[in-house]
Amino acid sequence: MRDMKLRLPVTTWPALLLLLAGCRGGAAPPRDAAAPPRPVLRYSHDLLFVAAPGAEPRILTLRFRATRGDSLRQRSVRGWLARGGTWEGFLRETWSGPAVGSVWTIVPHDDLHLAAGGPADVEAIWYRRGSRRLRLRIGEPLSGWAGGDRLRMRFLDGSLALAGESSPGTVLESLSDEPEPVAGARDRLFLVAGDSLWLAIDADSARTATFAELLEGTTERASERVTLSTSATTVVTAARRNVPTRWRFELPELGITGELRAVGAAADVGAERGGRRAVDANYTVAGWIERAGVRAEVTGVARHRAW
């Protein structure tokens with residue numbers, strides 16, 4: 001196993017309601033002082049953009065995160081940009097603000113701006129700092145929301161403007177939550193085949209939950225039966241963790257199998273816990289999917305998080 005040197009450098013969805021346990025009559029029982037703290041939910045609103053085949057290979061990932069609070073809400077945003085297999089982290093901000101609105105709402109901050117409106121509630125997100133000029137346009141939804149209580153995903157038309165050039169493509173928008181400090185890992189894949197097939201896969205080890213959404217032309221299909229395995233790994237020394245570099249997956253309800261390999265990657269290393277550090281890795285991936293004995297080449301983006 002070789003040590004890969006990884007560089008370490010919008011919407012509001014009102015229908016997603018996470019219902020907590022209701023109140024019962026009588027006084028609440030005293031808490032055991034020795035009991036472990038209740039996990040805190042961290043809410044993530046992710047946007048993954050993949051340029052259409054034939055355009056310059058460009059990928060953009062934006063992750064907006066928030067935690068609930070009585071009067072203040074902790075928020076953060078992380079942005080990564082890839083040209084082919086070369087990744088660059090360009091945005092990392094953390095701040096606190098009034099606990100108003102939804103935890104899923106994307107809010108502007110410093111050099112990150114947005115234009116509200118349109119069918120997706122946010123028409124564009126742009127970033128300006130120094131010589132950097134980047135604009136993500138979010139267009140019409142290509143699919144409806146799909147998923148369960150802890151995850152929702154959908155595909156949207158989009159484009160990415162960078163250095164005066166615009167690349168058409170597709171946006172995968174997802175809303176999810178993760179319990180902290182419960183240890184876990186999560187993999188998310190967003191794959192494109194040709195100009196009319198998009199596939200998203202999510203595997204959450206903390207909850208042993210999986211989900212896949214397929215859009216082919218205008219036909220949408222989804223499944224919770226997903227087998228996603230790692231067939232090769234490398235070491236992120238700073239995190240003292242193995243991270244995947246090859247994946248295999250089976251979607252029996254959709255009749256799909258596939259295999260992916262990383263062709264470029266970069267990672268963030270986070271806080272230490274239990275002798276290891278959290279890692280958030282982004283990949284440019286390529287591979288194939290097979291249906292009814294017919295294979296098709298796919299490209300796209302993968303994200304691996306372990307905490």
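The values are calculated or read from the model by the stated rules, or taken from the named source; none is laboratory data. Being a predicted model, the structure only gives us computed values, none of them experimental. Cβ sites come from the backbone with ideal geometry, for glycine too, and all protein chains shown count toward neighbours.
Looking across segment 144-156, the residues that are modelled with pLDDT of 90 or more and either over 17 Å from the mean Cα position of the chain (by Cα) or more than 23 Å from E123 (Cβ to Cβ) (or both) come down to G144, G147, L151.
Would you confirm whether any residue within segment 72-83 is over 20 Å from the mean Cα position of the chain (by Cα), loosely packed, with under 14 Cβ neighbours inside 10 Å and more than 19 Å from S167 (Cα to Cα)? Don't jump to the end; show me each part of the working.
First, pick out the residues of segment 72-83 that are over 20 Å from the mean Cα position of the chain (by Cα): 72-73.
Still in the running and loosely packed, with under 14 Cβ neighbours inside 10 Å: 72.
Filter again for more than 19 Å from S167 (Cα to Cα), leaving 72.
Checked against the condition, which is being over 20 Å from the mean Cα position of the chain (by Cα), loosely packed, with under 14 Cβ neighbours inside 10 Å and more than 19 Å from S167 (Cα to Cα), segment 72-83 yields at least one hit.
Restricting A209, A163, A183, A193 to residues that are of a type in the set (G, A, S) and touching a strand residue (DSSP E or B) at 6+ places or on another chain (Cβ under 6 Å) narrows the list to A193.
Out of the residues in segment 160-171 that are of a type in the set (A, V, I, L, M) and part of a strand (DSSP E or B), which is modelled with the lowest pLDDT? Explain how you work it out, then say what you get.
Step one: list which residues in segment 160-171 are of a type in the set (A, V, I, L, M), which gives 160-163, 171.
Okay, now just the ones that are also part of a strand (DSSP E or B), so 160-162, 171.
Working: L160: 96, A161: 95, L162: 91, V171: 97.
Filtering segment 160-171 for residues that are of a type in the set (A, V, I, L, M) and part of a strand (DSSP E or B), the one modelled with the lowest pLDDT comes out as L162.
Here's the yes/no breakdown for (1) acidic (D, E); (2) at pLDDT 95 or above; (3) within 20 Å of the chain's Cα centre (by Cα); (4) surrounded by fewer than 17 Cβ atoms within 10 Å (Cβ to Cβ):
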{"position": "S205", "(1), (2), (3), (4)": "no, no, yes, yes"}
{"position": "F211", "(1), (2), (3), (4)": "no, yes, yes, no"}
{"position": "V226", "(1), (2), (3), (4)": "no, yes, yes, no"}
{"position": "P244", "(1), (2), (3), (4)": "no, yes, yes, no"}
{"position": "F249", "(1), (2), (3), (4)": "no, yes, yes, no"}
{"position": "P252", "(1), (2), (3), (4)": "no, yes, no, yes"}
{"position": "T257", "(1), (2), (3), (4)": "no, yes, no, yes"}
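Say whether the condition of being surrounded by fewer than 17 Cβ atoms within 10 Å (Cβ to Cβ) and at pLDDT 95 or above is met by at least one residue in segment 172-179. No.
Considering each of T86, T94, T61, T67 in turn, give the residue that is at pLDDT 85 or above, of a type in the set (S, T, N, Q) and more than 29 Å from G264 (Cα to Cα).
Details: T86 fails: more than 29 Å from G264 (Cα to Cα); T94 fails: more than 29 Å from G264 (Cα to Cα); T61 fails: more than 29 Å from G264 (Cα to Cα).
One residue alone meets the criteria, T67.
In segment 174-200, the residues that are part of a loop (DSSP other than H, G, I, E, B) reach residues that are surrounded by fewer than 21 Cβ atoms within 10 Å (Cβ to Cβ) with C-beta atoms within less than 6 angstrom, at least six apart or across chains, in these pairs: V182/P39; V182/A206; G184/S205; G184/A206; S196/G217.
Do any strands (runs of 3 or more DSSP E) lying entirely in segment 226-276 carry at least 2 residues that are out of contact with any Pro (no Cβ under 6 Å at 6 or more places or on another chain) and of a type in the set (G, A, S), and which ones are they?
On the way: elements: 227-236, 241-251, 256-273.
Those strands (runs of 3 or more DSSP E) span 227-236, 256-273.
For segment 192-210, which positions are under 15 Å from A286 (Cα atoms) and touching a Leu at 6+ places or on another chain (Cβ under 9 Å)?
Taking segment 192-210 first, the residues under 15 Å from A286 (Cα atoms) are 192-194, 197-201.
Those that are under 15 Å from A286 (Cα atoms) and touching a Leu at 6+ places or on another chain (Cβ under 9 Å): V192, A193, L197, W198, L199, A200, I201.
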